[in-house]
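The structure appears below as C-alpha cells.
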DNA sequence: CTAGTTGCAAACGGTTTGCACGAGC
DNA sequence: GCTCGTGCAAACCGTTTGCAACTAG
C-alpha cells in the first residue's frame, strides 16, 4: 500500500495503451493493495473520499482493465455480489455467512489437487477458486453458528 | 431420472409444508435428475415443453425451496449466471471457458483439504465449491485453447 | 372450503453503455 | 490538438415481488 506501487501502475496502463488518469491510479492503488476483497460499491465509496466526482462507471471500467491484465480476480461467492482479489495464485476463500468477511487461505496441497484434476479430466486449467462457506472464528466465539443458511 | 423419484419429491414438499403441485414436481424432477448444472432459464425452457404456461417466477420459487431443503447447490462461476447442482457432496467444478460446460470431479483429498482449512483457520465449514476454469478435453482437441480470457 | 400457489407484470439491484464534455500526452 | 477517458443517465438482464385468479388437499 505504499506509494512505490504508483510507478508500476502507471507503467501497466501505458504499456497496455491506456492513459494513466488520476482515477485509474487511485482505483488501482486501492484494489491492488486491499486484502478485504471489495465489491465495486466498496471501491466506489473508498475512491470517492479522495476523488468526490468519480462515477461507478469508471470503477467498473478500470476494474475491467485490471481483470484483463490479469492483475485481479473476480469472486462470485454470493449471487449478485462480485468481489475482487489482487491475489492471483491458487488459494482458498473462506466466506463467513454471518459477517460477510472473506479470508484467504493457502496450502501446498492446492496446486497438487489442481494438477490431479487437470490430469484426470484432461482439462487445461487457467484459473481456480476454492470456496469454503461457513462461520468464522470471531462469529463462532460470539455465539453464532446455528441459524445460518448455507 | 426414473419415475421413482416422484414419490420422494412429493414427500419432500409435503413434509416441509408445501403443496406438491405439478409445476413443482416437474421442476424438481428435472433439476434433481440433471447433470448439466442448468441455469434458471434452461430449467424454464425445459419445463415449458411439458408445462407451456409455467412462468420463470415459479422456476425461481421452486428452486429456492430445493435450495433451502439442501437438495441442490447454487453455483456462481460466471457473474450473472447462477447454475444449480443436485450433487451436494464436496466436489470440484471444471468450467470450460470455450463451450461453457461444467463437469464434476471428485477426489478423496478434497474433504481432507476442507478439514485442514477448517482446523487452520478455526472456521466452521458448511459448504464448499472448488472451481477450476480452463479448456475442456473436447475443446482442446478441436484446436482451441489459446485465445481465451480466464 | 380455504390457505397456499400460480402467472403476469412491474420492481429491483448490480453492471454496462451511449453520449457530450473534459483531460492526458 | 487529437484521441481517449470521464460522468451522467438510461439501458440491460437476471432475479424478486405484489397481486388477483386459481387449485391442491
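Coordinate-derived values only; no laboratory data. It should be emphasised that the depicted structure is a prediction, and the values quoted were computed from it without experimental measurement. Neighbour counts are summed over all protein chains in view; Cβ atoms, including those assigned to glycine, are modelled from backbone coordinates with ideal geometry.
At-a-glance table
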{"item": "Residue exposure sequence - B:131, A:74 - by fewest surrounding Cβ within 10 Å", "result": "A:74, B:131"}
{"item": "Over the protein assembly as shown: helical MRE at 222 nm, DSSP H runs n ≥ 4 each giving -39500 (n - 2.57), nearest 500", "result": "-13000 deg cm²/dmol"}
{"item": "Gyration tensor verdict on the range A:1-142 (Cα atoms; rounded if a/c is under 1.5, prolate if a/b is larger than b/c, oblate otherwise)", "result": "oblate"}
{"item": "Residues B:8, A:128 arranged by fewest to most Cβ contacts within 10 Å", "result": "B:8, A:128"}
{"item": "In nm, spacing of pseudo-spin labels at residue B:91 and residue A:74 (7 Å Cα→C-beta vector)", "result": "2.6 nm"}
{"item": "Degrees separating the helix A:40-50 axis from the principal Cα axis of chain A, which is the longest one", "result": "40 degrees"}
{"item": "Segments A:47-58, B:43-54 sorted - mean Cβ within 10 Å per residue, highest first", "result": "B:43-54, A:47-58"}
{"item": "Label-point gap, in nm, between residue B:35 and residue A:67 - each point 7 angstrom along Cα→Cβ", "result": "3.2 nm"}
{"item": "Peptide A:113-123 - average C-beta neighbours from other chains (10 Å radius)", "result": "6"}
{"item": "Averaged over B:131-139, number of beta-carbon atoms from partner chains that fall within 10 Å", "result": "6"}
{"item": "Rounded tilt (10° steps) of A:109-121 against the dominant C-alpha axis of chain A", "result": "80 degrees"}
{"item": "Ascending count of other beta-carbon atoms within 10 Å, so fewest first, for B:24, B:14, B:61", "result": "B:14, B:61, B:24"}
{"item": "Principal-axis tilt of helix B:5-15 within chain B, Cα atoms, nearest 10 degrees", "result": "70 degrees"}
{"item": "Label geometry 7 Å along the beta-carbon vector: residue A:48 inter-copy distances in nm", "result": "3.9"}
{"item": "Per-residue average of Cβ from other chains inside 10 Å of B:24-37", "result": "0"}
{"item": "Label-point separation, residue B:11 to residue B:60 (7 Å along Cα→Cβ), nm", "result": "3.2 nm"}
{"item": "Chain A: relative contact order in percent, alpha carbon pairs under 8 Å with at least 6 residues between", "result": "18 percent"}
{"item": "Separation between Cα centres of the range A:64-112 and the range B:81-143, rounded to whole Å", "result": "14 Å"}
